[in-house]
Amino acid sequence: LPLSRRYRGLTLVLTFLCYTSYHLSRKPISIVKSQLHPNCSALNPNPSNDSNSSTWCSWAPFDGDNYKELFGALDNAFLVAYAIGMFISGIFGERLPLRYYLSGGMVLSGIFTALFGLGYFWNIHVLWYFIVVQGCNGLVQTTGWPSVVACVGNWFGKGKRGLIMGIWNSHTSVGNILGSLIAGVWVSSSWGLSFIVPGIIITAMGIICFFFLVEYPEDVGCSPPLHHVITSNEGPLSITGQSSMDRSNSPTEPAEEPEAISFLGALRIPGVVEFSLCLLFAKLVSYTFLYWLALSIIVNVAHFGAKEAGDLSTLFDVGGILGGIFAGLISDYTGGRATTCCVMLVVAAPMLFLYNHVGQNSIGTSIAMLIVCGALVNGPYALITTAVSADLGTHESLKGNAKALSTVTAIIDGTGSIGAALGPLLAGLISPTGWNNVFYIYMLIAADVLACLLLARVVVKEVHGGGGHKEVRGWCGHIVRKRGSSVQLTESVLDGK
């Protein structure tokens, strides 16, 4: 294989494993909740006669009647810190070596994940300890997403970005599944290990990332991908947008390093605000499932234990893998990222309604509905945080400056993380009034519809502007993709042909 293809493959695999470990370390809290406040009456007789008979096996301070609100506070500590940190993380990511930034964040995340589990072995029963650890973990985990998307964007052009990133983005669901399974091994016997083992895994991956990740193609002598659209009204096409005559007459000078884009400058890129707000509501739905699904299954579907409910909840992420790949494939074929997201969100709303009413009647229907809902909810979420972010971060208005990729990614995911923080918090507040409220119109379906409406203007532009690509012959006989009056070189240039 050509050197560039081998390094692209290495970059995909490494960033996939890195972000898998990020989500692997986030998932245990949703599994361990059912052990911090289990149904003690279903266990052995109370060994201490002077303890409350219904909560003697719970872990203080989560042994009170307000345990759901405390769980919501734990989720919010992580997600609020994550949302706040994400807005500044991308700015640091554009200005610091991504390899150091990413690997350092992974090691710190491993430490804080393990510290939460050590609360079990150190016999800590102070709420603020767990909240502070969760908040610190949320802050350092913001190093992950802007870094891995920027690395992948540095190596891949726009040709098949939706499909490639749709497959690659399955790391989110794979991490959730592995996190659930690993946490489930020790949740009933020694729940501290449900955090310590994932903490060790993400730390190890951070060390591997430090030694093997290559940030830019130029670092190993490979040609960079074309990040901007090139117009063809000034003569033969070239990678820099100059005509061949201009290039031959101009002296060879070292290219100036482009400046990183400002926060306000990134907001001015067309589509950033719309997709950011859409992701806010899409992520609200996804993260409510992520943090509360296992517990709701225990409440609503038969009499499952903590491990069985955690295993069943992974089906939502299985659907998420399929939905992300499907969304990427369709959006590449049609050229309409926003339209693909909007259609999936429209279909997701009635599916959530059906899940609430019939999806939990039996194990079989619950399995089917979880997979379908996971695909429809996480498909748009996956597409926006990957291909859409990379497209906007290399938008034609930037005139080839790829320094905006990490900042744009951070803005979009940071706005989405506000929804990710609100969803579990509202779930914790609403759940005492009945789980039907959480999984019905009051929150999830309403959020899904709002996410769809926010993309309406972008969808109209795509429909009227034409979503598809046309192939024409261009510079040096290479296939180029034409959209309107602009032309873009394909990957054949990047392989040195």
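Pop the C-beta distance of F210 and V358 into the FRET formula with R0 = 51 Å and round what comes out to the nearest 0.05. Intermediate values should be presented prior to the final figure.
Values: r = 49 Å, r/R0 = 0.96.
Efficiency computed from Cβ-Cβ geometry: 0.55.
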Just to check I understand the Karplus step: with θ = phi - 60° and J = 6.51 cos²θ - 1.76 cosθ + 1.60, what whole-Hz values come out for region 198-211, glycine and proline as x?
x, x, 5, 5, 5, 5, 4, 5, x, 5, 4, 4, 4, 8
Taking a point 7 angstrom from the Cα of L118 along the C-beta vector, which residues in region 195-209 have backbone N less than 14 Å away?
195-197, 199-200
Efficiency of FRET from Cβ geometry, I88 and H464, R₀ 51 Å, rounded to 0.05:
0.90
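Rounded to the nearest 0.05, what FRET efficiency do V185 and R268 have when you use their Cβ-Cβ distance and R0 = 51 Å? Mind dumping the intermediate values first?
Values: r = 49 Å, r/R0 = 0.95.
Taking R0 as 51 Å, the efficiency between V185 and R268 is 0.55.
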Residues of region 311-375: accessible area per residue at 1.4 Å, in Å²?
38 Å²
Spin-label zone in region 113-130 - amide nitrogen under 14 Å from a point set 7 Å from the Cα of N66 along the C-beta vector
127-128
Taking θ = phi - 60°, what integer Hz values does the Karplus form 6.51 cos²θ - 1.76 cosθ + 1.60 yield along region 176-189, in sequence order, with x for Gly and Pro?
5, 5, 4, x, 5, 5, 5, 5, x, 5, 10, 4, 8, 10
Rounded to the nearest percent, how much of the accessible area of region 143-203 (1.4 Å probe, protein heavy atoms only) is carbon and sulfur?
77 percent
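Averaged per residue, what accessible surface does region 167-222 expose to a 1.4 Å probe, in Å²?
Working: 2140 Å² over 56 residues.
Ligands and nucleic acids excluded, the figure is 38 Å² per residue.
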Per-residue HN-Hα couplings for region 447-462 [Karplus 6.51, -1.76, 1.60; θ = phi - 60°; Hz; x = Gly/Pro]
5, 5, 5, 5, 4, 5, 5, 5, 8, 4, 5, 5, 4, 4, 5, 5
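The values are calculated or read from the model by the stated rules, or taken from the named source; none is laboratory data. Since this is a predicted model, take the numbers as computed values, not measurements. With ideal geometry, Cβ positions are generated from the backbone for all residues, glycine too; neighbour counts draw on all protein chains shown. Note: areas computed on protein heavy atoms with side chains; ligands, DNA, RNA excluded. Shrake-Rupley method; radii C 1.70, N 1.55, O 1.52, S 1.80 Å.
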